[in-house]
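Worksheet: the structure to be examined is printed underneath.
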Amino acid sequence: SPLGAMLCLQILLEVEADGYWPSGFGMDSTGNELALVSIEPLRSSLSIAGGPTLANGDSTGYSSSLYQGTTLNSALKNMEEGNESLRPTRKGDMGGLAGLQNLGNTCFMNSALQCLVHTPPLMEYFLEDYTDEINTQNPLGTHGELALAFGELLRKLWVSGQTSIPPRVFKGKLARFAPQFSGYNQHDSQELLAFLLDGLHEDLNRVKQKPYFEQKDSDGRPDEEVADECWLYHKARNDSIIVDVCQGQYKSTLVCPVCNKISITFDPFMYLSLPLPSTVTRTMTVTVFYGDGSGLPMPHTVTVLKHGVYRDLCHALGTACCIRSDESLLLAEVYDHRIYQYLDSPMEPLASIKDNDYIVAYRLPKKAAEFTRLEICHRYQEKMPDILKGVQRKVFLTPSVSYLEDAKTGADIDRAVKRVLYSLRRKPCFSSLKAHEDGSAPEAMEESTSNCSDQSTPQDQSKDEDEDLEEMSSREFFQLCTDDRGFGCRPILKDSPIKPDRIVKVMLDWTDKEYELYDASYLKDLPEVHKTGPTMKKTRQEAISLFSCLDAFLKEEPLGPDDMWYCPSCKAHRQATKKLDLWRLPEILVFHLKRFSYSRFLKNKLDTFVNFPIHNLDLSKYVKSKDMSSGSHVYKLYAISNHYGGLGGGHYSAYAKLIDENRWYHFDDSHVSPVTEEDIRTSAAYVLFYRREEVESRAAGESSQGQESS
């Protein structure tokens with residue numbers, strides 16, 4: 001229309017003249033405030049911001065004027081894409097019910113965006129004139145382009161009567177500044193949310209020159225003093241609408257296990273990633289072998305958390321087999337009578353172990369980790385058909401694992417193997433039973449059994465062991481395996497030099513003589529992890545509370561071996577214990593439920609139902625600070641990002657509450673529909689958005705509810 005064309009022309013002229021919105025331009029003829037829209041800067045073919053892009057996202061040759069180069073063509077381009085927000089919109093007009101079109105696996109983006117644009121403080125901020133706060137000089141930001149694209153999209157979504165919008169411009173900006181989200185693959189809505197909040201903060205950071213502060217240790221000072229100091233330093237470098245409403249502070253306590261040095265720090269957070277503490281268990285059967293041959297192999301069936309990790313299984317097995325303090329368990333998977341892989345990553349999820357796997361645990365002294373690992377497999381000879389002639393060797397039995405302490409020759413390996421197999425030796429009274437020279441059977445077998453080696457002394461056992469070792473060493477009984485499949489073997493003689501390596505693999509050839517000396521039945525018939533019965537009842541869907549997730553997040557636990565802490569007192573990296581506590585809560589509190597787990601072998605999603613409060617989420621008992629000046633610790637829910645389906649696909653949607661209407665809506669890409677409050681609690685809830693409930697509003701709400709009930 002002519003009026004619209006004049007308005008666009010007026011905006012362009014004002015921008016061209018001053019480079020910023022003039023004061024008073026956001027008022028109509030009656031003095032009412034208008035929601036102004038910033039026009040997108042000219043897209044340069046050189047780079048994101050008009051110059052060669054650097055590795056950190058910064059660029060050269062960028063003009064300090066945000067709107068320099070804005071042309072009529074860019075405005076017309078936006079209008080052709082349906083930019084209804086170029087029409088001034090009065091604050092307070094009903095909107096916020098527009099959907100976002102799916103551009104191709106962009107439901108993750110649509111879900112996160114709907115939650116953010118329905119965040120009341122952000123909605124109010126971006127509907128106002130925020131251009132004065134755009135930081136074009138921040139090398140950590142996007143020179144304001146991400147903030148402008150988000151603000152423009154938010155204004156479109158809050159136009160009254162709008163149905164659905166294609167977020168192409170925003171998707172293009174996202175792909176430029178975050179290449180991991182480029183293309184049309186499915187991504188994680190929480191990862192996008194984290195990038196977007198951080199990017200908006202840097203674009204809107206009011207601090208142009210960040211001062212430098214040296215990190216100080218607590219050194220026994222009161223927590224309140226240290227926390228306020230850390231928050232002051234943080235705000236001196238980071239000051240934006242995102243920090244104002246979305247950032248809180250937690251207390252981190254590290255304790256050195258050696259010198260008991262305590263380190264306390266206070267760090268900011270944008271959201272809390274909560275683990276889902278599953279209570280569903282599974283039974284697992286694992287056979288435990290003694291690496292020093294001091295006991296017979298024994299299967300143990302233990303109960304562990306279904307969604308636990310390898311460390312949980314080792315702990316349960318250690319309790320079951322009464323492991324000593326100077327010992328540890330080495331888990332391994334056995335396949336085709338060989339060790340397929342060692343399960344030595346303590347935080348790997350147990351879900352990677354299937355019920356039909358064969359898992360063993362080798363009981364070794366802790367010092368064994370410093371020495372060469374000895375891996376022993378077994379072979380037997382099988383006669384070939386007469387037509388083929390000869391014999392064939394096949395691998396059988398369960399492999400054993402021990403260690404070599406400064407092994408130099410074949411004799412050292414010989415002794416180590418004999419040590420491992422010692423518990424399998426048959427009793428002397430049986431192994432010494434031999435037929436008479438005339439071929440008659442040995443006499444008084446029962447009598448011989450009754451006098452068996454329970455009476456033998458350690459000296460006798462040591463003597464037998466030495467004699468047996470001498471007998472075995474005179475034969476080519478062991479072969480060194482030069483590859484994982486057992487091929488390329490060569491005999492090991494007593495004086496054969498041994499090349500030091502991390503793992504030495506040995507193949508043991510069994511003959512009738514070995515069957516006489518050892519009882520191989522203990523190495524046969526390895527049980528599966530879990531034998532599934534014919535009729536298995538389907539388990540009910542598990543349900544946990546949001547508070548139990550928060551308890552799991554805040555509980556004290558040791559750091560992982562890959563996350564060691566450098567103790568300033570010991571001057572060494574230590575596996576310290578870590579404890580988190582909430583100290584300062586923001587106005588907008590975001591909970592990320594960690595439904596997805598990734599490991600080297602497995603990707604998994606938890607569909608656990610989390611029972612979360614919609615009203616009156618009281619976190620007072622979790623906040624350690626006694627200072628109430630930051631506001632109430634009671635929150636109410638206003639948005640949810642949902643994920644349906646499994647990994648590598650699935651679908652995202654969002655629930656959001658229109659505060660003015662006091663009504664919930666389901667935002668499923670371009671489709672928007674009203675829902676009841678009872679419908680929003682599902683097992684698909686992935687990211688929860690809460691807003692602080694002030695004391696006055698709580699009292700008013702409780703009063704109105706009381707009047708309605710009366």
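Looking only at the stretch 656-678, count how many residues are more than 18 Å from residue 104 (Cβ to Cβ), among the charged types (D, E, K, R) and surrounded by 12 or more Cβ atoms within 10 Å (Cβ to Cβ). The total comes to 4. Taking the stretch 252-287 as the range and being farther than 30 Å from residue 587 by Cα and in contact with a Phe, Trp or Tyr (Cβ under 8 Å, 6 or more places away or on another chain) as the test, only 256 passes.
Each residue in the stretch 164-193 was checked for being surrounded by fewer than 17 Cβ atoms within 10 Å (Cβ to Cβ) and among the aliphatic types (A, V, I, L, M), and 1 of them qualify. A search for C-beta distances below 7 Å between a residue of the stretch 559-573 that is without any contact (Cβ under 8 Å) to a residue 12 or more places away in the chain and open to solvent by 60 Å² or more (accessible area, probe 1.4 Å) and any residue that is of a type in the set (A, V, I, L, M) and not in a loop (DSSP other than H, G, I, E, B), counting only pairs 6+ apart in sequence or on different chains, returns nothing. Could you list, in sequence order, the residues of the stretch 296-309 that are modelled with pLDDT of 90 or more and open to solvent by less than 50 Å² (accessible area, probe 1.4 Å)? Hits for the stretch 296-309 are 297, 300, 302, 304. Looking only at the stretch 199-248, residues that are under 19 Å from residue 144 (Cα atoms) and open to solvent by 30 Å² or more (accessible area, probe 1.4 Å) come to 7 in all. The lone criterion from (1) open to solvent by 50 Å² or more (accessible area, probe 1.4 Å); (2) not in a loop (DSSP other than H, G, I, E, B) left unmet by residue 583 is number (1). Out of all the residues in the stretch 378-398, is one or more in contact with a His (Cβ under 9 Å, 6 or more places away or on another chain) and farther than 21 Å from residue 287 by Cβ? Yes, some residue in the stretch 378-398 is in contact with a His (Cβ under 9 Å, 6 or more places away or on another chain) and farther than 21 Å from residue 287 by Cβ. When restricted to residues that are in a loop (DSSP other than H, G, I, E, B), open to solvent by less than 50 Å² (accessible area, probe 1.4 Å) and at pLDDT 85 or above, the stretch 499-529 contains 4. For first residues located in the stretch 650-664 and without any contact (Cβ under 8 Å) to a residue 24 or more places away in the chain, partners that are among the hydrophobic types (A, V, I, L, M, F, W, C) and open to solvent by less than 90 Å² (accessible area, probe 1.4 Å) and lie 6+ apart or on another chain with Cβ distances below 7 Å form the pairs 664/675; 664/680. Here is a check on your reading of the model: is residue 653 surrounded by 14 or more Cβ atoms within 10 Å (Cβ to Cβ), assigned to a strand (DSSP E or B), modelled with pLDDT of 95 or more and in contact with an Asp or Glu (Cβ under 7 Å, 6 or more places away or on another chain)? Yes; evaluated as a whole, the condition is true for this residue. Residue 604 meets all of the listed conditions (1) open to solvent by 20 Å² or more (accessible area, probe 1.4 Å); (2) assigned to a loop (DSSP other than H, G, I, E, B) but one, namely (2).
Taking the stretch 607-636 as the range and being among the polar types (S, T, N, Q) and not in a strand (DSSP E or B) as the test, the residues that pass are 608, 616, 620, 625, 629, 630, 632. Just one of the listed residues (364, 397) is among the aliphatic types (A, V, I, L, M), modelled with pLDDT of 90 or more, on the phi > 0 side of the Ramachandran plot and part of a strand (DSSP E or B), namely 397. Within the stretch 256-270, the set of residues being part of a strand (DSSP E or B) and among the β-branched types (Val, Ile, Thr) comprises 262, 264, 265.
Restricted to the stretch 686-695, and to residues there that are under 12 Å from residue 637 (Cα atoms) and among the hydrophobic types (A, V, I, L, M, F, W, C), the residue that is surrounded by the most Cβ atoms within 10 Å (Cβ to Cβ) is 688. Among the residues of the stretch 270-294, those that are open to solvent by 10 Å² or more (accessible area, probe 1.4 Å) and either more than 23 Å from residue 309 (Cβ to Cβ) or free of Cβ contacts under 8 Å to residues at least 40 places away in the same chain (or both) comprise 270, 271, 281, 290, 292, 294. Scanning the stretch 142-160 for residues that are of a type outside the set (Ser, Thr, Tyr) and within 33 Å of the chain's Cα centre (by Cα) gives 143, 144, 145, 146, 147, 148, 149, 150, 151, 153, 154. The set of residues in the stretch 343-354 being open to solvent by less than 20 Å² (accessible area, probe 1.4 Å) and assigned to a loop (DSSP other than H, G, I, E, B) consists of 343, 348, 353. Here residue 161 meets each of (1) more than 22 Å from residue 95 (Cα to Cα); (2) open to solvent by 40 Å² or more (accessible area, probe 1.4 Å); (3) out of contact with any strand residue (DSSP E or B) (no Cβ under 9 Å at 6 or more places or on another chain) with one exception, condition (1). Exactly one residue out of 496, 473 is in contact with a Gly (Cβ under 7 Å, 6 or more places away or on another chain), open to solvent by less than 30 Å² (accessible area, probe 1.4 Å) and modelled with pLDDT under 85: that is 496. Exactly one of these conditions fails for residue 262: (1) hydrophobic (A, V, I, L, M, F, W, C); (2) surrounded by fewer than 16 Cβ atoms within 10 Å (Cβ to Cβ); (3) touching a helix residue (DSSP H, G or I) at 6+ places or on another chain (Cβ under 9 Å). Give me its number. Failing condition for residue 262: (3). Taking the criterion of being in a strand (DSSP E or B) and out of contact with any Ser or Thr (no Cβ under 6 Å at 6 or more places or on another chain), the residues of the stretch 271-288 that qualify are 272, 273, 274, 282, 284, 286, 287, 288. Is it the case that some residue within the stretch 618-631 is open to solvent by less than 70 Å² (accessible area, probe 1.4 Å) and among the acidic types (Asp, Glu)? So far as the stretch 618-631 goes, no, none of its residues is open to solvent by less than 70 Å² (accessible area, probe 1.4 Å) and among the acidic types (Asp, Glu).
Just to be sure I understand the filter: pairs with C-beta atoms under 7 Å, separated by 6 or more residues or on different chains, first member in the stretch 196-212 and closer than 11 Å to residue 133 by Cα and of a type in the set (A, V, I, L, M, F, W, C), second member open to solvent by 10 Å² or more (accessible area, probe 1.4 Å) and assigned to a helix (DSSP H, G or I). Which pairs pass? Qualifying pairs under 7 Å: 204/133; 204/241; 207/237. Within the stretch 295-342, the set of residues being in a loop (DSSP other than H, G, I, E, B) and touching a residue at least 60 places away in the same chain (Cβ under 8 Å) comprises 295, 296, 297, 307, 337.
The values are calculated or read from the model by the stated rules, or taken from the named source; none is laboratory data. Only a predicted model underlies this, so the values are computations on that prediction, with no experimental measurement involved. Because the Cβ atoms are built from the backbone with ideal geometry, glycine has one as well, and the counts that use them run over all protein chains shown. Surface accessibility is based on the protein's heavy atoms, side chains included, excluding ligands, DNA and RNA. Shrake-Rupley method; radii C 1.70, N 1.55, O 1.52, S 1.80 Å.
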